Amino acid sequence: MTARAQAPREEAAASRFRGSGGVPEVPGSVVRLIERLERAGYESWTVGGAVRDALRGNAGRAGDWDLATRATPRQVRRLFRRTVPLGIEYGTVGVFGDDGVLHEVTTFRHDVATFGRRAVVAFARTLEEDLARRDFTINAMAWHPLRRELRDPHGGARDLREGVLRAVGDPRERFREDYLRILRGLRFAGAFGLRIEPRTWQGMVEAVPGIARLSRERIRDELLRVLSGPAPSRALELYERSGARAVFLPELTDGLGPAALATVDAVRGKRAEVRMAALLVLGGGVRPAPILSRLRFSRAEAGRIAAAASSGPGPDPVLLANPAARRRWMARTGRRKLRGVFRLWLAALRAGASPSSREAVLGLVAAARRDQRCGVPLSVGELAIAGRDLLALGWSPGPRIGRTLGSLLEAVWEDPALNRRSTLLHLAREGVPDPGPGPARGHRRER
Ligand code: CTP
């Protein structure tokens, strides 16, 4: 911020924020965008999530600052050199600040007709009309960084201070206008620890079936935002209680009970993919693949989530008792994907939700890590010899070579000390027992 004159208005605004975050600190580049618009005669404000977060004392990123203005998109584009038409029909133009960050600049608007998720918007004359069409009071505040004035006609600052999530105006209308607001509201309540005001809650619960009409991508994005937060269980528990979870994840036979919620929270590093895996595994033994593809997770994401979920909430006791079986399982899972499995097991253990004993989980994880550290091969490509070594012995090319390498890998899993060039060549010459088309199949691909 540039130098600030302590106008009386500012002090009044500041005093209102005591107990919440403080006076919003708007990045200088955003202040300069507003100056430019206002000098051209267009009233302009910072609005939405960045104002809310600033009042909560959370600075956020520069790009989170959105502007609402009386200027039409055409007027905005005329005023600034570098703009991007982000959604002209909704009144939104992207404008680059002088720090190179893109900001959404949206003309004051009010809805004229809504169809669940899509709205046909009309431009409004006043900021108040614009704020009245927003979802929750905490998101319906505007801050003017030049006048240092807060416009808060719906009492958002008080709700924030008192820890209340409240829809703007009639909750039923707000949710009918856009069913995504249900999930947004549950996310805000969870993330900020807000109580949901009773009429707002009732409106949400009544509107829950409308979630089925949202695009799956939007639902997935909301879910991922919840799963990336510090304690997803709060929003997830609300998903469960409101009936929202049952709409978009009906497959979970056990639902999101205390064990699932605690495990999701206990995943170290807030890893959303492992948390998603935990949610599926502890929510009731479902096959992840069809769910993940329905929710439009990318193939790569779905692959990692399914891998983390593939070994359940804890290790099979056989793996602990039998090192060769453990290594075979590690090869099947794949080196990189083991991490997700271990993270999930350890989270379930910390959450008191593991079906296995502490010794079993920690013992298996330690043994697997030891194998990895000692370079125990998990594929024929990692053996101390390769097919060309057998060709050099005079073997003719053919399936026998692959089968032999597979058998050597099985032998090394029984006894990793065998993984030395001379030993393996000796074994190959002696003729390792051919395991046939059994478990050694496919080791080649698993790296
Ligand atoms: N908004 C709304 N209804 C929606 C989405 C957004 O009323 N379904 C309004 C709210 O005033 C919101 C603002 O548009 O604050 C900006 O929305 P967005 O950037 O999507 O979210 P934020 O509220 O900024 O918060 P977050 O980024 O944490 O979701």
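The values are calculated or read from the model by the stated rules, or taken from the named source; none is laboratory data. What you see is a predicted model, and the numbers here were worked out from it, not measured in a lab. Note: ideal-geometry Cβ built from the backbone for every residue, glycine included; neighbour counts use all protein chains shown.
Looking at 211, 196, 138, which one is among the hydrophobic types (A, V, I, L, M, F, W, C), more than 15 Å from the ligand (Cβ to nearest atom), crowded, with 20+ Cβ neighbours inside 10 Å and under 28 Å from the mean Cα position of the chain (by Cα)?
Values: 211 fails: more than 15 Å from the ligand (Cβ to nearest atom); 138 fails: more than 15 Å from the ligand (Cβ to nearest atom).
After applying the criteria, what remains is 196.
Touching a residue at least 12 places away in the same chain (Cβ under 8 Å) and surrounded by fewer than 14 Cβ atoms within 10 Å (Cβ to Cβ): is that true of residue 99 in this structure? Can you show your working first?
Working: touching a residue at least 12 places away in the same chain (Cβ under 8 Å): yes; surrounded by fewer than 14 Cβ atoms within 10 Å (Cβ to Cβ): yes.
So residue 99 passes the test.
Would you mind stating whether residue 46 is polar (S, T, N, Q) and farther than 12 Å from residue 108 by Cα?
no
Out of (1) touching a residue at least 12 places away in the same chain (Cβ under 8 Å); (2) part of a helix (DSSP H, G or I), what's the single condition that is false for residue 255?
Going through the list (1) touching a residue at least 12 places away in the same chain (Cβ under 8 Å); (2) part of a helix (DSSP H, G or I), residue 255 breaks only (2).
Could you give every pair whose Cβ atoms fall below 8 Å, whose first residue belongs to region 171-198 and is closer than 20 Å to residue 55 by Cα, and whose second residue is near the ligand (Cβ under 9 Å from one of its atoms) and among the aromatic types (Phe, Trp, Tyr), counting only separations of at least 6 or pairs across chains?
Pairs found: 184/136; 185/136; 188/136; 194/188.
Determine which member of the set 172, 216, 234, 161 is more than 12 Å from the ligand (Cβ to nearest atom), in contact with a Leu (Cβ under 8 Å, 6 or more places away or on another chain) and at pLDDT 95 or above.
216
Need pairs with beta-carbon distance below 6 Å; first residue at pLDDT below 65 and within region 107-130, second of a type in the set (D, E, K, R) and part of a helix (DSSP H, G or I); sequence gap 6+ or separate chains.
What qualifies is 114/177; 116/213.
Which residue pairs have Cβ atoms closer than 9 Å, lie 6 or more positions apart in sequence or on different chains, and pair a first residue in region 211-239 that is within 27 Å of residue 351 (Cα to Cα) with a second residue that is outside any helix (DSSP H, G or I) and among the small types (Gly, Ala, Ser)?
Once the first residue is within 27 Å of residue 351 (Cα to Cα) and sits in region 211-239, its partners that are outside any helix (DSSP H, G or I) and among the small types (Gly, Ala, Ser) give 231/193; 234/193; 235/229.
Regarding residue 165, is this residue surrounded by fewer than 20 Cβ atoms within 10 Å (Cβ to Cβ) and either out of contact with any strand residue (DSSP E or B) (no Cβ under 9 Å at 6 or more places or on another chain) or not acidic (Asp, Glu) (or both)?
no
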